[in-house]
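Notes for the one structure printed next.
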Amino acid sequence: MTLRTMSAVVAAFFALTTTTAIGRTVDSRQSVKSHVDTEVQAIMAKYGVPGMSVGVVDGATSYVFNYGISSKETKQPVTADTLFELGSISKTFTATLASYAQASGHLSLSDPTSKYLPSLRESELGNVSVLDLGTHTPGGLPLQVPDGIRNNDQLMQYFRKWRPAYAPGTYRTYSNISIDDR
């Protein structure tokens, strides 16, 4: 994702949260969608963003809306199964939420990954600590999600088969999929 596209996504997030925060009341899925549609369509047009998903949390209710295409070549639409490689911006959110979860007793950074992703039990990555994922020391994950992985099931299958090149916690290798694991 280019810096320009990343800026558009961040702008969409802040435009939506700011508008809600200043008192615009939304009382149904359709009114939320209408507001999001207006903001997203303008951002996508201005920055040439081919596709995106936007999540909105309003009290105890959450919404996800998908827009555009996930591939310019195939014209495949963005769906709930589309995987986005957001790059480093999501690391800030992930680290903040993980720190908050640890401080409030909902997570321990020393826990194995499999505690939070049970599908990784009995796998090498399942034994890696949450802290090692967050510090890019799980053992040598690739920089990006490998080509051909198109959904969460395929990603979990890849993670179950993954083997570390280094002992976890001993060698730092930057990876967009370590701290951004979903």
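The values are calculated or read from the model by the stated rules, or taken from the named source; none is laboratory data. Computed from a predicted model, the values in this text were never measured in an experiment. Cβ: placed from backbone, ideal geometry, glycine included. Neighbour counts: every protein chain shown. Heavy atoms of the whole protein, side chains included, go into the accessibility calculation; ligands, DNA and RNA do not. Shrake-Rupley method; radii C 1.70, N 1.55, O 1.52, S 1.80 Å.
Look at (1) out of contact with any helix residue (DSSP H, G or I) (no Cβ under 7 Å at 6 or more places or on another chain); (2) within 22 Å of Lys33 (Cβ to Cβ); (3) not in a loop (DSSP other than H, G, I, E, B); (4) not basic (Lys, Arg) and you find that Ala80 fails only one, number (3).
Yes or no: the stretch 150-172 includes at least one residue that is in contact with a Phe, Trp or Tyr (Cβ under 7 Å, 6 or more places away or on another chain) and surrounded by 16 or more Cβ atoms within 10 Å (Cβ to Cβ). There is no residue in the stretch 150-172 that is in contact with a Phe, Trp or Tyr (Cβ under 7 Å, 6 or more places away or on another chain) and surrounded by 16 or more Cβ atoms within 10 Å (Cβ to Cβ).
Any residue in the stretch 127-145 that is more than 20 Å from Ser90 (Cα to Cα), part of a helix (DSSP H, G or I), at pLDDT below 95 and not hydroxyl-bearing (Ser, Thr, Tyr)? Within the stretch 127-145, none of the residues are more than 20 Å from Ser90 (Cα to Cα), part of a helix (DSSP H, G or I), at pLDDT below 95 and not hydroxyl-bearing (Ser, Thr, Tyr).
The residues on offer are Thr96, Thr92, Thr82, and the sole one that is more than 19 Å from Tyr174 (Cα to Cα) and among the β-branched types (Val, Ile, Thr) is Thr82.
All of Thr79, Thr92, Thr96 fail the test of being in contact (Cβ under 8 Å) with a residue 12 or more places away in the chain and loosely packed, with under 13 Cβ neighbours inside 10 Å, apart from Thr79.
When the stretch 55-86 is examined, which residues are found to be of a type in the set (Gly, Ala, Ser) and out of contact with any Pro (no Cβ under 6 Å at 6 or more places or on another chain)?
Within the stretch 55-86, Gly55, Gly59, Ala60, Ser62, Ser70, Ser71, Ala80 meet the criteria.
Taking the stretch 103-121 as the range and being open to solvent by less than 80 Å² (accessible area, probe 1.4 Å), within 19 Å of Gly169 (Cβ to Cβ) and part of a helix (DSSP H, G or I) as the test, the residues that pass are Thr113, Ser114, Leu120. For the stretch 45-75, a tally of residues being outside any strand (DSSP E or B) and either open to solvent by 30 Å² or more (accessible area, probe 1.4 Å) or of a type in the set (Asp, Glu) (or both) returns 12. Does Thr137 satisfy the criteria of being among the β-branched types (Val, Ile, Thr), under 19 Å from the mean Cα position of the chain (by Cα) and either over 30 Å from Ser70 (Cα atoms) or open to solvent by less than 50 Å² (accessible area, probe 1.4 Å) (or both)? No; evaluated as a whole, the condition is false for this residue.
Residues that are outside any loop (DSSP other than H, G, I, E, B), within 25 Å of Met44 (Cβ to Cβ) and hydrophobic (A, V, I, L, M, F, W, C) do occur in the stretch 87-98. Yes or no: the stretch 14-35 includes at least one residue that is of a type in the set (S, T, N, Q), modelled with pLDDT of 90 or more and open to solvent by 30 Å² or more (accessible area, probe 1.4 Å). The answer is yes, given that some residue of the stretch 14-35 is of a type in the set (S, T, N, Q), modelled with pLDDT of 90 or more and open to solvent by 30 Å² or more (accessible area, probe 1.4 Å).
Quick one: in the stretch 71-84, of everything that is of a type in the set (Ser, Thr, Tyr) and over 15 Å from the mean Cα position of the chain (by Cα), which residue is farthest from Asn152 (Cα to Cα)? I'd like the intermediate steps shown before the answer.
Filtering the stretch 71-84 for residues of a type in the set (Ser, Thr, Tyr) gives 71, 74, 79, 82.
Among the residues that remain, those that are also over 15 Å from the mean Cα position of the chain (by Cα) are: 71, 74.
Working: Ser71: 17, Thr74: 20 Å.
In this case the residue turns out to be Thr74.
Residues in the stretch 1-13 that are closer than 18 Å to Pro77 by Cβ and either modelled with pLDDT of 85 or more or hydroxyl-bearing (Ser, Thr, Tyr) (or both): Thr5 alone.
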